[in-house]
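Everything on this sheet refers to the single structure shown next.
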Amino acid sequence: MHGPDLMQHEGTAAEERTQERIVRASPAAGPSFDDRFTELFEEHFRRLHRFVNRLSGDRELADDLAQETFIRLYRRRSVPERVEAWLITVALNLFRNVRTTRSRRSRLLTVSRGAHAHGDPPPSPGDVVEAGAVRQRVRAAIERLPERERSMLLLHAEGYGYRDIASALELNDASVGTLLARARRAFREAFDDTSHAS
Amino acid sequence: MIHLMHLDQERRQRLLHGELSPPDAEAARRHLATCEACRDCIEREERDERESLELLAALDDAPPHVTPAQVATAARGGASPWGRWAAGLALTLGVAGAAYALPGSPVRPWVEQLLGPAQARPRPEAPVQPTSQPPTPEVGPASGPAGTPPETAAAGAGLMVEPGQDLLILFSSPQTGGSVRVVLGDGELVEAVALDGPASFTSDIDRLVIANADSDGSFEIRIPLNAPRVEIRVGERSVFLKDGQRITAASAGSAGAWTIPLSIGRDAR
């Protein structure tokens, strides 16, 4: 024997886990991965996109990152045990990596342009100006928050639970509520500051 | 009445967001029923949160029109899974051909062994797919997972997974013949391909399982250079370990590649 003979005592346990997982992976044991992927996509894509869009302020980047996150989920060919925590952790890591380089690859995307294209009465010019001003102020207020507070606030706004937020942001689960309240307070103070500045 | 314990901010937030256990939530609600100060705090925090959510909605843009099928296609790296598998087969056949041509290559006797029985076992010109699959990849239900690697497949089929921090690649059984060629290279994903012979591929958290009980075929596994830890086992026998930059293998390697017989461990069973 001229190679590794490693962890022999774990061999039997590994074999048992293998059999269990092969059975679990077989079609007869439940929905296929592709079915499950479709369910997860329909449940989580829009909220993940919304989170990244709010975080980045860059819609095309949000389009790319949200899609890339799900591409990685598909390539994984298995559903993570805590899928929400996995999705936001991957999305955050991608955002941090891409943020400075800003490399964007082409995807098969068609972007819906304007909710007003389908018969809704168009907003008045005044409404558009007002909405734009509020958006700018909110964007400025969010940008003033440290990244952790910003991410926490936006993740919770999407309905992610404390445990998943703590996992994604590497926080103590026991203090998420307090940190969240502080982040919200900081956001409101920053927003109010922008009104004084303008 | 003396309030022995007001609700601190953490508990107020957890109560608001449904993060308290049922007993703790019940205790908190009982306290709120008798403590106006805490009720005022909770109402104020609830209002602040509502207003913040309304403001954040001003940042929203319409999401892209993208379907699960499009994401699945992008994940497989091309417009058509057929083309990708054909390209993968061509690549692996090219690698195998080069290995066959090398002087002293162990591939030659294996190919000669295969050519005999292979006359009775037709080798597909292109990747074999269930005939019920439509040409356009669609992720979803219906008979036959269109566009996805079949669970039981002939040559050219395989699986790609992320290496994570610690990946186990497990061949379920030692074989009578065949080998696995392990190659370190660039890229981000671990890729396992059956060069010939039937095998099925499944993946789970931290492992990729190759069910090869009825096979004497050969495989190729590509491992990213920067994968932290990847181990390959044949049955109970560990035959390859990449732990950081350190490689331990059951066969000698050359130029970042190792060819390991899959009959290892068979006699020990």
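When A and B come together, around 6100 square angstrom of accessible surface is lost from both chains combined, probe 1.4 Å.
Around B:THR259, under 11 Å between beta carbons, what's the net of Lys plus Arg minus Asp minus Glu among the other residues?
Spelling it out: positives minus negatives among the neighbours equals 0.
Here the Karplus relation 6.51 cos²θ - 1.76 cosθ + 1.60, evaluated at θ = phi - 60°, turns the backbone of segment B:28-35 into coupling constants of 5, 5, 4, 5, 4, 4, 10, 10 Hz, with x for every Gly and Pro. Close amide-amide hydrogen proximity is noted between B:ILE169 and B:LEU208, B:GLU231, B:ILE232, B:ARG233, each under 5 Å apart and 5 or more residues distant or on a separate chain (H modeled in the peptide plane; Pro and chain starts excluded). Here's how it looks for B:SER179: its modeled amide H is under 5 Å from those of B:SER218, B:PHE219, B:LEU262, which are all 5 or more places away or on a different chain. With 30 Å² as the minimum drop in accessible area between chain alone and full protein complex (1.4 Å probe), the qualifying residues in segment B:1-46 are B:GLN9, B:GLU10, B:GLN13, B:ARG14, B:HIS17, B:GLU19. Residues whose amide H comes within less than 5 Å of that of B:ALA199, counting only those at least five positions distant or on another chain, are B:ALA153 (H built at 1.01 Å from N in the peptide plane).
Testing the spin-label approximation: label points 7 Å from Cα along Cα→Cβ at A:ASN97 and A:VAL83. State their distance in nm. Taking the two extended label points, one gets 2.2 nm. Note that segment A:137-145 has calculated 3J(HN,Hα) couplings of 5, 5, 4, 5, 5, 5, 5, 6, 6 Hz, one per residue in order, obtained from phi through the Karplus relation 6.51 cos²θ - 1.76 cosθ + 1.60 (θ = phi - 60°); glycine and proline are x. In segment B:1-61, taking the dipole from charged Cβ atoms about the Cα centre, the farthest positive-side position among B:GLY18, B:LEU59, B:CYS38 is held by B:CYS38.
The values are calculated or read from the model by the stated rules, or taken from the named source; none is laboratory data. Remember, predicted model here, so these are calculated numbers, not experimental data. Cβ atoms come from the backbone with ideal geometry, glycine included; neighbour counts cover every protein chain shown. Areas reflect the complete protein model, heavy atoms only, side chains present, ligands, DNA and RNA absent. Shrake-Rupley method; radii C 1.70, N 1.55, O 1.52, S 1.80 Å.
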